[in-house]
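Values in this text are rule-based calculations from the coordinates and carry no lab data. Keep in mind it's a predicted model, so treat the numbers as computed, not measured. A quick note on method: Cβ atoms are made from the backbone with ideal geometry, for glycine too, and the neighbour counts reach across all protein chains shown.
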Amino acid sequence: MTKPEIAKLQDYLRRKFANNNIRIVAMKAADSAEVYIGEESIGVIADDKEDGDDSFVFRMPILDIDLEE
């Protein structure tokens, strides 16, 4: 992912979830970035280029122990 893509995605998620603590950090894999709220990692965004369409997939695993908090 490019820096401009990451900036656009971060801005989008901040607006969508009304949370300015969301930040996106590039990962070593060129097509992925990690999503944080504050210092807590909440998921991964991957660039999905299939059939000529450019989209992004956000995966946020939720563990059963997370639901107990």
Restricting the stretch 53-69 to residues that are among the aliphatic types (A, V, I, L, M) and loosely packed, with under 10 Cβ neighbours inside 10 Å, which is nearest to R15 (Cα to Cα)? I62
Of the candidates E50, E34, E40, the one satisfying the condition of being free of Cβ contacts under 8 Å to residues at least 12 places away in the same chain and surrounded by 11 or more Cβ atoms within 10 Å (Cβ to Cβ) is E34
Hits in the stretch 21-31 - residues which are surrounded by 11 or more Cβ atoms within 10 Å (Cβ to Cβ), more than 11 Å from the chain's Cα centre (by Cα) and farther than 12 Å from V44 by Cα: N21
